1. Looking at the stretch 46-66 only, could you name the residues that are at positive phi and at pLDDT below 95?
2. Search the stretch 216-227 for residues that are of a type in the set (Ser, Thr, Tyr) and in a helix (DSSP H, G or I) and pair each with any residue that is buried (at least 24 other Cβ atoms within 10 Å of the Cβ) and at pLDDT below 95 when their beta-carbon atoms are under 6 Å apart and the residues are at least 6 apart or on different chains.
3. Looking at the stretch 256-264, is at least one residue of a type in the set (Ser, Thr, Tyr), buried (at least 23 other Cβ atoms within 10 Å of the Cβ) and under 19 Å from the mean Cα position of the chain (by Cα)?
4. Which condition breaks for Thr203 when tested against (1) in contact with a Phe, Trp or Tyr (Cβ under 7 Å, 6 or more places away or on another chain); (2) crowded, with 24+ Cβ neighbours inside 10 Å; (3) closer than 30 Å to Gln96 by Cα; (4) touching a residue at least 60 places away in the same chain (Cβ under 8 Å)?
5. Being under 27 Å from Ala433 (Cβ atoms) and part of a loop (DSSP other than H, G, I, E, B) is the filter here; which residues of the stretch 443-474 pass it?
6. Which of (1) at pLDDT 95 or above; (2) touching a helix residue (DSSP H, G or I) at 6+ places or on another chain (Cβ under 6 Å); (3) assigned to a loop (DSSP other than H, G, I, E, B) is the odd one out, the single condition Leu165 does not satisfy?
7. Could you give me the residue pairs with C-beta distances under 7 Å whose first residue belongs to the stretch 94-117 and is in contact (Cβ under 8 Å) with a residue 60 or more places away in the chain and aliphatic (A, V, I, L, M), whose second residue is in a loop (DSSP other than H, G, I, E, B) and surrounded by 12 or more Cβ atoms within 10 Å (Cβ to Cβ) wherever it lies, and which are 6+ apart or on separate chains?
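The values are calculated or read from the model by the stated rules, or taken from the named source; none is laboratory data. What you are looking at is a predicted structure, and each value in this text was computed from that prediction instead of being measured. Cβ placement follows ideal geometry from the backbone for every residue including glycine, while neighbour counts extend to all protein chains displayed.
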Amino acid sequence: MRGNMVSGTGLLQSLLVLGVASVKAANSSLPIVDLGYAFHQAQYSISNQSNVYYNFSNIRYAAPPLGNLRFAATEAPLNNRSAGVQDGSYGNICPQAFANWQIGALSLNPGASNENEDCLFLDVVVPQYVYDNKASKSPSPVIVWFYGGGFTLGSKYSAGNPTGLLDQSLDTESKGQVWVGFNYRLGAMGWMNGPDFAVAGGTPNAGLYDQQMALQWVQDNIHLFGGDPSQVTVMGESAGGGSITHHITAYGAGNNTNLFQQAILQSPAFIPTSLKNTTNTAFANFLVFANVSTLEEARQLDTLTLQTANKKAQALAFYGTFSFGPAPDGTYVPDLPGKLLLEGKYNKNLSIIAAHNTNEAGHYTPPTASTSSNFTTYMKLYFPAISATTLNYLDTVLFPAIYNGSYPWTTPFQRLDTAISDFTFICSTRWLANAYGDKSHNYIFSVLPGNHTQDIPYTFFNGPISTVKNDTLAVNMQRYFTMFVENGSPNRLGLDHWVETGSEGKVMNFNATFTDTRVDTETVNERCTWWQKALYGDDWA
């Protein structure tokens, strides 16, 4: 539903005429947006470079996923106009959960005070210049941020303050961009899967429907903030980037083609789960920990019991993995995204930046993997249906136990690390480049040690911080990104030229002391070609 922008004074007068008694006093110096179903007032936000922004915080973009809406597809937000002006003071993050390998033991800590199933909120951050002049200037491009966290952790603001990134858009021709960050359901609440779950009345991959609803909200409402719904760039890291990959291939490209026009995928990550039994087992474990026998019974439980069951189920994940995440469901996710890209079943009308770091899987590879036999042990855990012939091919041909420097690994740990990095994090960046005719702009983040998530403080740089080793590099990355958001190419006057990937697999290399162009040998290889075919056992075919 499209709404209207009104002044603080005008809104108060309108509500008084309507007889609304419970109106919170509005600060007339700050704008109020009428979304049709609710009124929201901005707060000021000032960046490190002293630019002024309006932050419309904690806007509901969907109905609370409670009761019968638990484990179900997302529904539109309820009409809440009678509550008066919302100022963003009420809002929650979705319930979080850790695996034992992440924290060393099962944690049933209730979590932060703002963890709550009623968590489907978003923030809009817009430069004051863009908002105040939206009636007289062309609408501005929009960035929609998808956070990471293994589909079990994270929130719309966990990556940091977006105003530093938006600062670099204020010297473009459009003079500013609009940022949207949103929460989506996590763990069992958002990523339960499997035929048994679906038959029981659940919606597999409900988190994807949350994300789709947020994108639809942008289409319907972002014009009220000065944003252009026809110029939307989705941007996400880790699970956020993996989610975007699933939206690119949603329904085998039968839908979602008008919700965004560009994508920046940073270390797009997800475990390529393709077995129905694997997802059925996660659902069964959840019901056991919830002490119920049906999904309908689970829907009636109190939230603390549900969150505890979620934490216990997540705790079971073996090292480097998570119990819940996207998986084929025959509908939104008809198959693994890599296969869909290979088969041409994806949204082809996009401009793409895809990226990875140089040490993606270091923290996701078990430190005890010190013998060659650990490789086959973990391949069986990741791919339970893998045949003896295929496992032998991985073990002797694709990843031979040769440590003399002729392969990218010189220890058993590095060998396993390379495989996990391939299928979880990095090969999809090459698959995306191929899918878009090798015209994408890809990059590698090589600031040592190049760990997964290490580039996020650079993306959201907003002043000196210990996790950023080179402030100039951070600002330059932001300038590339905002120029891409502006016109589909990251190239910008004063910065090194960023070439398209081409058939050679060229990428921009972001290093602590320099930037240059190199060939991405980590993804341009026979390993990534093999992984894309998903020959390790797949009963969704």
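1. Ser50
2. Taking only residues 6 or more apart or on different chains, not a single pair turns up.
3. Within the stretch 256-264, none of the residues are of a type in the set (Ser, Thr, Tyr), buried (at least 23 other Cβ atoms within 10 Å of the Cβ) and under 19 Å from the mean Cα position of the chain (by Cα).
4. (2)
5. Scanning the stretch 443-474 gives Ser446, Val447, Leu448, Pro449, Gly450, His452, Thr453, Gln454, Asp455, Phe460, Phe461, Asn470.
6. (3)
7. Every condition considered, the pairs that remain are Ala97/Thr152; Ala99/Ala317; Ala99/Phe322.
For every residue, the table says whether it meets (1) surrounded by fewer than 20 Cβ atoms within 10 Å (Cβ to Cβ); (2) within 30 Å of Phe510 (Cβ to Cβ).
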residue: Leu316; (1), (2): yes, no
residue: Gly338; (1), (2): no, yes
residue: Leu342; (1), (2): yes, yes
residue: His356; (1), (2): no, yes
residue: Ser372; (1), (2): yes, no
residue: Ala385; (1), (2): yes, no
residue: Tyr407; (1), (2): yes, yes
